[in-house]
Amino acid sequence: MTSRIDALMAQMTIEEKVGQLNVTADMVRPFVPDINPVANEQNAGQVLELIRQGKVGALFNGKGRQGAVALQRVAVEESRLGIPLILAADVIHGMGTVFPIPLGETATFEPDLARRTARATAVEATAAAIHWTFAPAIDVTRDQRWSRGAEGTGEDTLLACRFGAARVQGFQGDDLRREDALLATAKHYVAYGACLAGLDYNTVDIAPQTLQDVHLPPFKAAVDAGVGSIMTAFNDINGVPVSANKPLLTDLLRGAWRFDGVTISDYTSEMELVAHGYAEDMQDAVLKAFMAGLDLSLQSGLYLQHLPSLVRDGRVPMWRLDQAVRRMLELKERTGLLDNPYRSLEMDDVSDACLARHEELARESARRSIVMLKNAGDVLPLARTGQRIALIGPFARDRDNIEGCWTLFGDADRYVSLEEGLRDALGDITQLEIVDGCGMEDAIDGGLALAVQAAQRADVVILAVGEPQRYSGEAQSRIEIVLPAVQQQLADAVAAAGTPVVALVRNGRALALQGGVRDADAVLITWFLGSQTGHAIADVLFGDYSPSGRLPVSFPHASGQQPYYYNHPRTGRPELPEMKEFKTRWREIPHEALYPFGHGLGYGKVDYGPTQVDSAVLRRGESVRVSARVRNLGQRSVEEVVQLYIHDRVASRVRPVRELKGFDKITLAGGESLDVAFLLNESMLEFTGVDGIRRAEGGTFDVWIAPSCTTGEATQVTLD
Ligand code: BGC
């Protein structure tokens, strides 16, 4: 039987086939120009004409139902074959309601929460006539200078797998044909975060086992979760740009993993093969990318220009064109567009009740993302009354650095600033004095003096400092991962006033905290928390919520440690507890984090009993139960992220000092104890051997159940 897609393809000209592979900017609906310089050279009329000619398969970064219906009508009624468009956009961490940046939300260690925020995002995005998002980013980031770690899940592979899969499930829902299903894109395939020196777009020089064990698993997890598309990264890997990398795009993705969705270039990445010096000219770039397995071209228009002639002169075989077109048409079929081109374009507005639920979820997810690094003398939580509070810093009143990077469609009118959150929470706002002290990057005349005076008058200072939001996101890599100098001066001056300081740090990466921030009495890492920033922070400050976030990235002592990641291989001269010469350390600082991966405090004290195993021997194909008794020594209920780590003692390749293999967020009532258990099996002990094959080697493993990657006493398990 001929399928609908076969029948369609039988009628298509080469140009119409290539047209389906062309994804271009939506110049018809409201558009954000500064993120798409190439598109600024196009106009709505040109785009509409291309659609009429059947030369556009998808549009991106527009929103709005009215315009979408008009666009779809042109595709369906005015193009020869009437194939509907699929409408895409970068909806990364929220639509109108903005959730924390993905890195921040990963600090919750709650993949199911990420699934729920992605679902809410899908509901709002589809109601704004978007079918397809270019998210989630699942790049593992081991160098905090890189600016796009904010979009991902931090430095650990297991977190990237769990959160990536959860976000795919959240965006897409159970049924891709539903009006509120948002097709997901796993990006940026692959090892984009391994760019040398943390410099965005830079070359990736990587060992095959690191690629295989660290960077590829999140993409495999996304494929297993049913992701519909994969975006290729800008970088080369060991000299071969990913957008023309056949072993990665075809052999692995299609062969081994059986991925059946589409691959799409990242914004002209196939064109950039020329700049890389990997292709002679634009035609050569198209030939190399397309034949390597890159199905769709995003924004360059190069497939339109060069694929038809490459097919006609036989350099690109028709089977390959048909393969890519079929994948795109199947995507349109799977998302229900072939049956109903107006899918998601004629929905009702998201109701106020639904928006209110999303705001509640945004607050929930934001407060759960906050990580309390320290709380000396239990300065937190603050009392609501009876204390004079000085809120000092450029983030105090700010409304322009709330949403975080890659928020194209946030409803800024609904954002809650820090000031608003605090005013709302405080019993008596006459106790609150607010002073900016300095700008984000510039001094304010007399600002320091005012800040110091306010600090002296207060019983406690809330110091609101951090990175402006444009320091993270695309092409914003940093040399020094510290606060802007004026803010550091402010922090140091305020600290010298002698009043207890609670530092609220806003950031899109791990920072090397210094001086008055590092030494503050309490430090809360607040990332970019989105719409409900002010309320979420107030919930934690005043103790309505006991912080439960844990670091998904190591906070180093100094910038010069980068790339620093907790699961680094053992060296032959490990750091000793006492500083000694000729060991793996710097002159100035030890080879360790100031605050390690997995660290975070709550308003209570949790005690871990010894790690126990139900068998000291693990037989292949079986599992060992690893458990520990976790006890809340305090009175109030707290949440705890219980973490399972392993270390392979002797192996045919040098192994990481520790690796996260499981985590569980539990709630402990005051005084409560719980046995927390994980099942350890052979597959969790695997790594890529010198022969390129992943397997678990027999031998002894250290195993910890612990509250961070540097704590706990190990027990041992031997794999037979
Ligand atoms: C970014 C992608 C994004 C694309 C489309 C690129 O510059 O790297 O993450 O999806 O633009 O806007």
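Observations on the model:
- Region 687-702, residues that are part of a loop (DSSP other than H, G, I, E, B) and of a type in the set (Gly, Ala, Ser): 689, 692, 696, 698
- Those residues of region 347-377 which are surrounded by 16 or more Cβ atoms within 10 Å (Cβ to Cβ) and of a type in the set (A, V, I, L, M), in sequence order: 347, 350, 355, 361, 362, 366, 370, 371, 372, 373
- The set of residues in region 221-239 being in a helix (DSSP H, G or I) and either touching a residue at least 40 places away in the same chain (Cβ under 8 Å) or crowded, with 24+ Cβ neighbours inside 10 Å (or both) consists of 221, 222, 224.
- Against the list (1) out of contact with any Pro (no Cβ under 9 Å at 6 or more places or on another chain); (2) over 30 Å from residue 526 (Cβ atoms); (3) modelled with pLDDT of 95 or more, the condition residue 332 fails is (1).
- Matching option when the condition is within 30 Å of the chain's Cα centre (by Cα), surrounded by 22 or more Cβ atoms within 10 Å (Cβ to Cβ) and at positive phi, among 598, 602: 598
- A residue that is within 16 Å of the ligand (Cβ to nearest atom) and modelled with pLDDT of 95 or more cannot be found anywhere in region 245-260.
- Wholly enclosed helices (runs of 4 or more DSSP H) of region 296-372 bearing at least 3 residues within 28 Å of the chain's Cα centre (by Cα): 318-334, 352-369
- Among the residues making up region 554-573, those that are of a type outside the set (Lys, Arg) and in contact with a Ser or Thr (Cβ under 7 Å, 6 or more places away or on another chain) are 564, 565, 566, 571.
- Test result for residue 541, touching a Leu at 6+ places or on another chain (Cβ under 7 Å) and closer than 26 Å to residue 372 by Cβ: yes
- Single residue of 492, 424, 445 found to be within 32 Å of the chain's Cα centre (by Cα), over 30 Å from residue 561 (Cβ atoms) and surrounded by fewer than 16 Cβ atoms within 10 Å (Cβ to Cβ): 424
- Selection within region 605-618 - within 31 Å of the chain's Cα centre (by Cα) and in a loop (DSSP other than H, G, I, E, B): 605
- Number of positions in region 619-670 that are hydrophobic (A, V, I, L, M, F, W, C) and under 29 Å from the mean Cα position of the chain (by Cα): 11
- Contact map, region 269-297: first residue without any contact (Cβ under 8 Å) to a residue 12 or more places away in the chain, second residue assigned to a loop (DSSP other than H, G, I, E, B) and of a type outside the set (Lys, Arg), Cβ cut-off under 7 Å, separation 6 or more or different chains; pairs are 274/281.
- Selection of region 637-671 for residues being touching a helix residue (DSSP H, G or I) at 6+ places or on another chain (Cβ under 9 Å) and not in a strand (DSSP E or B) yields only 653.
- For residue 186, the conditions (1) within 15 Å of the chain's Cα centre (by Cα); (2) away from the ligand (no atom under 16 Å from the Cβ); (3) aliphatic (A, V, I, L, M) are fulfilled apart from (2).
- Taken over region 50-103, residues that are within 16 Å of the ligand (Cβ to nearest atom) and acidic (Asp, Glu) amount to 1.
- Apart from one condition, residue 507 fits all of (1) under 18 Å from residue 149 (Cα atoms); (2) touching a Pro at 6+ places or on another chain (Cβ under 9 Å); (3) of a type outside the set (Gly, Ala, Ser); the exception is (2).
The values are calculated or read from the model by the stated rules, or taken from the named source; none is laboratory data. Keep in mind the model is a prediction, meaning the values are calculated, not measured. Every residue, glycine among them, receives a Cβ derived from its backbone with ideal geometry; neighbour counts consider all protein chains shown.
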